[in-house]
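First comes the structure, then the notes that go with it.
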Amino acid sequence: EMQKFLFNLNRLPRFEIRLGRLQKTGPGTFRQKGIDVLLSIDMVQIAWTNKIEKAILLSGDSDFAPAIRRTKEAGVLTTLYYSRGPGVYAHDELWTACDERYEIDEKLINAVKI
């Protein structure tokens with residue numbers, strides 16, 4: 001099912017998937033590593049080559065803040081979509097770095113037309 005999902009995502013116009021690597025963190029648990037750097041490099045590179053006017057990030061991780069700032073220096077509008085819940089939030093540094101911010105909540109999800 002995941003391969004089918006990724007295949008269909010890759011077919012979307014102007015859409016890229018970046019997969020990191022899995023690092024074992026405990027018995028039967030893993031954590032994805034390296035994806036922050038891949039996404040940050042892509043975002044800054046395409047911003048500075050004038051290939052985008054707007055960058056949308058779905059995250060809460062402050063590791064993206066420097067890339068967001070560099071992307072904005074290239075004149076790109078940056079929008080943050082984030083979720084909130086127990087242990088889940090958008091870091092203040094990332095929040096302030098972005099031009100626009102939207103919480104992914106039930107109201108937003110219901111407003112999306114498929």
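See the values below:
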{"read-out": "Residues being open to solvent by 70 Å² or more (accessible area, probe 1.4 Å) and more than 23 Å from GLU53 (Cβ to Cβ) - total across region 95-110", "value": "4"}
{"read-out": "Only one of ILE56, ILE68 that is assigned to a helix (DSSP H, G or I) and in contact with a strand residue (DSSP E or B) (Cβ under 6 Å, 6 or more places away or on another chain)", "value": "ILE68"}
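Residue by residue, here is whether (1) on the phi > 0 side of the Ramachandran plot; (2) outside any helix (DSSP H, G or I); (3) surrounded by 17 or more Cβ atoms within 10 Å (Cβ to Cβ); (4) modelled with pLDDT under 90 holds:
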{"residue": "PRO13", "(1), (2), (3), (4)": "no, yes, no, yes"}
{"residue": "ARG18", "(1), (2), (3), (4)": "no, yes, no, yes"}
{"residue": "LEU22", "(1), (2), (3), (4)": "no, yes, no, yes"}
{"residue": "ARG31", "(1), (2), (3), (4)": "no, yes, no, yes"}
{"residue": "ILE41", "(1), (2), (3), (4)": "no, no, no, no"}
{"residue": "ASP63", "(1), (2), (3), (4)": "no, no, no, no"}
{"residue": "THR79", "(1), (2), (3), (4)": "no, yes, no, no"}
{"residue": "ALA90", "(1), (2), (3), (4)": "no, yes, yes, yes"}
{"residue": "GLU93", "(1), (2), (3), (4)": "no, no, no, no"}
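The values are calculated or read from the model by the stated rules, or taken from the named source; none is laboratory data. Note that the structure is predicted; figures quoted are calculated from it, not measured. We place every Cβ from the backbone using ideal geometry, glycine too, and count neighbours over all the protein chains shown. What goes into the accessible areas is simple: the full protein's heavy atoms, side chains included, and nothing from ligands, DNA or RNA. Shrake-Rupley method; radii C 1.70, N 1.55, O 1.52, S 1.80 Å.
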